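Take a look at the structure below.
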Amino acid sequence: MPTLWFVLVALMLAAYVVLDGFDIGAGIVYLLVGRTGRERRAVLRSIGPVWDGNEVWLLAAGGTLYFAFPRLYASSFSGFYLPLMMVLWLLMLRAIGIEFGAHLEDPVWRSFFDAAFSAASVLLAIFFGAALGNVIRGVPLGSDVYFFEPLFTNWRVGASPGILDWYTVLTGVVALVTLTIHGALYLVVKTEGEVQARARRVALSAWPALLMLTALSLIATMWIRPEALNNYHAHPVGLLVPLVVCGALGVMLHGALSGLERLAFGASCAYIAGMLVGAAFALYPQVLPATTDPAYSLTIHNTAAAGYGLKIGVAWWLVGMALALGYFVFVYRMFRGKVRLEAEEGY
């Protein structure tokens, strides 16, 4: 049961990054692809019906983590208190930027909230990437399974690292470039005209950087945590993950160059899912490695809830997921197609 719930939590987190990722990506490129008020309104219209629903996956994943692995939840949420508070404020600032900017007539305040929306999206991508980097790198867990990390120390990877060091900054940059392309490709699918053309240029311009950063992050991960390859050596099926990632990168470029917009966006989804699945596969059965003593590392076995509760929880999880998936299918079908503004819309 712990393994099953590890897979379920990983899938929910991947679903969140794929779905809310294009919302965040749209915010990152918001000021680049939207030069006029009308063009920015088209960008917001493309994510308007779904952005708040997509964020529900983050809450659902957090709730599932609390249910299945309460000890991990307690340890990680206390140790990462500072960045979690920063992420919560950024999520609120991003929502305020979307909602307030749409209801104000003053151009100064509109520009302010537009900038807030875009800046919050950029910082969210970096912090989410750095959070994943912290999990892969490990944290200074003590014998009581709790830890504290300052925002940064000496920027080096060691026994007592900060939340930000050269490796976690690297993973943050990877996340930023990934979601930039993801959001841009989503806008290519959903918009027309100059907004679509600019979004395609952004995606194509950022693709070489993503290719380089993907290779660099893999090398860096093998250097700081060589044991991350153990599961790949023990279970060759894991080699499908890098094949999916490499194939997705190639299909992404081909689709963007050939005008196959849905294919390119689908490849972007596959790339994100592949990277996250690869990280989860490398960590298993650990869920939070310790940089102090490997014996202090948190695993699916020493953090899982009681077996009976996990078994009962599967049934309720299936019911909840069926309802959630039905809702999302309905919403995305209702708002499929290109965004088109009426003649009087925009600002």
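The values are calculated or read from the model by the stated rules, or taken from the named source; none is laboratory data. Please read these numbers as outputs of a predicted model, since none were measured by experiment. Virtual Cβ from ideal backbone geometry, glycine too; neighbours counted across all protein chains shown.
Laid out as a table, the results:
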item: Residue that is under 22 Å from W166 (Cβ atoms), crowded, with 18+ Cβ neighbours inside 10 Å, of a type in the set (G, A, S) and in contact (Cβ under 8 Å) with a residue 60 or more places away in the chain, where the choices are A228, A203, A220, A264; result: A228
item: Matching residues, segment 180-195, being of a type outside the set (A, V, I, L, M, F, W, C) and modelled with pLDDT of 95 or more; result: T180, H182, G183, Y186
item: Verdict on R45 being surrounded by fewer than 19 Cβ atoms within 10 Å (Cβ to Cβ), part of a helix (DSSP H, G or I), modelled with pLDDT under 95 and more than 22 Å from the chain's Cα centre (by Cα); result: no
item: Where Y232 falls short, out of the listed (1) more than 19 Å from A175 (Cβ to Cβ); (2) under 19 Å from the mean Cα position of the chain (by Cα); (3) not charged (D, E, K, R); result: (2)
item: Residue check for G172: in a helix (DSSP H, G or I), within 25 Å of R225 (Cα to Cα) and not aromatic (F, W, Y); result: yes
item: Number of the condition not met by V245 [criteria: (1) under 30 Å from A203 (Cβ atoms); (2) hydrophobic (A, V, I, L, M, F, W, C); (3) surrounded by fewer than 18 Cβ atoms within 10 Å (Cβ to Cβ)]; result: (3)
item: Considering residues of segment 84-127 that are in a helix (DSSP H, G or I) and of a type in the set (D, E) only, the residue surrounded by the fewest Cβ atoms within 10 Å (Cβ to Cβ); result: E99
item: Residue that is surrounded by the fewest Cβ atoms within 10 Å (Cβ to Cβ) [pool: residues in segment 128-161 that are free of Cβ contacts under 8 Å to residues at least 60 places away in the same chain and polar (S, T, N, Q)]; result: N154
item: Number of the exception - M275 against (1) closer than 30 Å to L104 by Cβ; (2) surrounded by 11 or more Cβ atoms within 10 Å (Cβ to Cβ); (3) not polar (S, T, N, Q); result: (1)
item: Long-range neighbours under 7 Å by Cβ, at least six apart or interchain, first residue touching a residue at least 12 places away in the same chain (Cβ under 8 Å) within segment 21-36, second among the basic types (K, R); result: G27/R94; Y30/R40; L32/R198; V33/R198; G34/R40
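Yes/no per residue for (1) surrounded by 17 or more Cβ atoms within 10 Å (Cβ to Cβ); (2) within 23 Å of R336 (Cβ to Cβ):
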{"residue": "F6", "(1), (2)": "yes, no"}
{"residue": "F22", "(1), (2)": "yes, yes"}
{"residue": "G27", "(1), (2)": "yes, yes"}
{"residue": "R41", "(1), (2)": "yes, yes"}
{"residue": "Y66", "(1), (2)": "no, no"}
{"residue": "P70", "(1), (2)": "no, no"}
{"residue": "L82", "(1), (2)": "no, no"}
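Residue-wise test of (1) farther than 18 Å from A61 by Cα; (2) loosely packed, with under 15 Cβ neighbours inside 10 Å; (3) under 23 Å from the mean Cα position of the chain (by Cα); (4) in contact (Cβ under 8 Å) with a residue 12 or more places away in the chain.
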residue	(1), (2), (3), (4)
P289	yes, no, yes, yes
I300	no, no, yes, yes
Y308	yes, yes, no, no
I312	no, yes, no, no
A315	no, yes, no, no
L325	no, yes, yes, no
V331	yes, yes, yes, yes
